[in-house]
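Okay, so here's the structure we're looking at.
Derivation of every value follows stated rules applied to the coordinates shown; laboratory data play no part. For clarity, every value in this text was computed on a predicted model and none was experimentally measured. For neighbour counting, all protein chains shown are included, and Cβ atoms are generated from backbone atoms with ideal geometry for every residue, glycine included.
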Amino acid sequence: MLNTSFFKFLIQPFVGVALLTAVNATVSSATLAQGQPLPPTTQTQIDTNYSLGGGDLIRVNVFEVPEYTGEYQIPPGGAINLPLIGSVSVLGLTTEQAADEIARRYSRFLKRPLISVNLLSPRPINIFVAGEVTRPGAYTLSLSGGAGNNPGVQYPTVLAALTTAQGVTLAADVTQVQLRRKIGRSSEQAVTVNLKELIQTGRLSQDITLRDGDTIVVPTATNFNVAESRNIFAANFAASQTTPRTVTIIGEVNRPGSYLVTPGNTDAQGGGNANSGTATPNGLPNVTRVIQLAGGITAQADVRNLKLRRPTRTGSEQAIDVNLWQLLQSGDANQDIIVQDGDTIVIPTATEINPAEATQLATTTLSPARIQVGVVGEVKRPGLTDIQPNSSLNQAILAAGGFNDARASSDAVDLIRLNPNGSVTKRIVKVDFSAGINEQTNPILRNNDVVVVNRSGIAKTGDTTNTITGPLGVIFNILRLFGI
């Protein structure tokens, strides 16, 4: 005799859809195994049926045989022990499929078994989140609302899972987020979720509800888009905007090293922005913020060809070009890339310095407000002198009061430089106050340079000692160690 539960299943209108979904699941599993992109038919279809598993509380109704009706907590193995027929595995089955299986087993003993299976209390949902998220790994998500016959039960969604994993990284490709789901007992289905479309259109159809055993994979973007990275940063499924991030900066900055970058307009304590005391106006944790923390760029910086190196979850590295000159000239804020934990910023050395551009850079927040150079010897105010970044040798001498006319040798001075690699160089520079900025007679000075104005021959003859005291004496003692 025909099983009535099975008959009811056959005449349901969703059978065709279920069969189509099963076909799609087969195609998706094969495609996934081959590592190829998913076909378009899988982009919006995924099996949303609930599959039974260990931890579910169900009620098995055997109509007209109430003594066989009961509630069962499905064990981890998925098999429940029913009266008369014994152990029946319902693992991976929907409630309808479980009812059919139980009816088939009872048909050996009952003439017309009518069986229904109801989900009374769903188990917690265990998922795995991988790829470009802050904390990849396995998570248990709770259901909200009612359960069982209560239609108010709410299953967690893809966005909830990403939030639980502390958000996607800025290296993520949010247009190709993949959701993998086991179907039944052996097959797997995969669907691509476009979270960019969710941001732009608000289509919640992209935010699929999850089922136990789902895996979410957030891939690494192959092409970095600075505008999209800002949209990701602002999204509620991104990593927390307020979380401090450690960023390394090397090259042409005054204090290369690693810095803890925090969003918001904060005072530049311990090496922050020496220009205005605050960071960028919008307070974003971006490249210019890191430059300010590192004491600003040096006069030798090439701001057109910065490189940001970003590690990814795949073990590779994104290389992102940054042109801060374009930011300064056209206000292209997209060039001021938002940084994330682990980033490295490389500021290269310019092969050629344009004096006009150097002067312009000195007035921006990329440069420190002031730098210190030592002007010692025969000037009117010898000592440490504060000058504007990218100031020239002539400007430093004038800032120190100019030559001590009675004693100075004004034809040439010694320029002593402490290099980033620890070496010390010294060269003689002929002085020409009528010259503009040039490397031969009026070079741009760097932070911690020392300009030595020597005594004239007459002054040397009249002096019996040559003692330099105070802080600059320490400098000269160090320079003597290097044979300068």
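Simple spin-label model, 7 Å along Cα-to-Cβ: Leu143 to Gln200 in nm?
Each label point is offset 7 Å from its Cα along the Cβ direction, giving 3.6 nm.
Quick one: net charge around Ala190, please, counting Lys, Arg +1 and Asp, Glu -1 for every other residue with C-beta under 14 Å from its C-beta.
On the way: positive: Arg180, Arg181, Lys182, Arg211; negative: Asp47, Glu188, Asp214.
Result for the neighbourhood of Ala190: +1.
I need two numbers for the range 125-234: Rg to one decimal and Dmax as a whole number, Cα atoms only, in Å.
14.5, 48
If packing is taken as the average count of other Cβ atoms within 10 Å, what order do 365-375, 62-72, 119-129 fall into, highest mean first?
365-375, 119-129, 62-72
Expected output is a single nm value to one decimal: the length gained when fully extending between Leu57 and Glu71, i.e. 0.36 nm times separation in residues minus the C-alpha distance. What is it?
Values: separation 14, 0.36 × 14 = 5.04 nm, distance 0.70 nm.
Separation in residues times 0.36 nm, less the Cα-Cα distance, equals 4.3 nm.
What is the set of long-range amide H partners of Val253 at a cut-off below 5 Å, with H atoms built 1.01 Å from backbone N?
Those qualifying (amide H under 5 Å, at least 5 residues apart or on another chain) are Thr298.
Can you give me the distance in nm between label points at Ile458 and Asn323, each placed 7 Å from the Cα along the Cα-to-Cβ direction?
Result: 5.7 nm between the two label points.
Which of the lysines could a cross-linker span from Lys380 if the Cα-Cα distance has to be under 28 Å and same-chain partners fewer than 8 positions apart are dropped?
Cross-link targets: Lys426, Lys430, Lys460.
Could you compute the FRET efficiency for Asp405 and Thr425, with r as their C-beta to C-beta distance and R0 at 35 Å, rounded to 0.05? Write down the numbers at each step before the final one.
Values: r = 29 Å, r/R0 = 0.83.
That gives a FRET efficiency of 0.75.
Could you rank the peptides 219-225, 97-103 by their average count of other C-beta atoms within 10 Å per residue, with the highest value first?
Going by the mean number of other Cβ atoms within 10 Å, highest first, we get 97-103, 219-225.
Could you give me the ³J(HN,Hα) list for the range 116-129, computed from phi with Karplus coefficients 6.51, -1.76, 1.60 and θ = phi - 60°, whole Hz, x at Gly and Pro?
9, 10, 10, 7, 8, 8, x, 6, x, 9, 9, 10, 10, 10
What are the ³J(HN,Hα) couplings of the range 409-418, residue after residue, when phi is run through the Karplus curve with 6.51, -1.76, 1.60 and θ = phi - 60°? Round to Hz, x for glycine and proline.
8, 8, 6, 8, 10, 9, 10, 10, 10, 8
Need the list of lysines near Lys111 for cross-linking: C-alpha distance under 18 angstrom, and skip anything on the same chain fewer than eight residues off.
Reachable lysines: Lys8.
Mind checking the full-extension length gain between Arg108 and Thr314? Use 0.36 nm per residue of separation minus the Cα-Cα distance, one decimal, nm.
68.7 nm
Collect residues whose amide H, placed 1.01 Å from N in the peptide plane, falls under 5 Å from the amide H of Leu306; neighbours closer than 5 in sequence don't count.
Close amide H contacts, sequence-distant or interchain: Val322, Leu324.
Could you tell me whether the range 170-246 comes out rounded, prolate or oblate from its Cα gyration tensor? Rule is a ≥ b ≥ c as square roots of the eigenvalues, rounded for a/c under 1.5, then prolate if a/b exceeds b/c, otherwise oblate.
It is prolate, given that a/c is not under 1.5 and a/b is the larger ratio.
Quick check on packing: order 288-300, 326-338, 426-438 by the mean number of other C-beta atoms within 10 Å, highest mean leading. Spell out each step's value before the answer.
On the way: 288-300: 24.6, 326-338: 16.4, 426-438: 13.4.
Answer by packing, highest mean first, reads 288-300, 326-338, 426-438.
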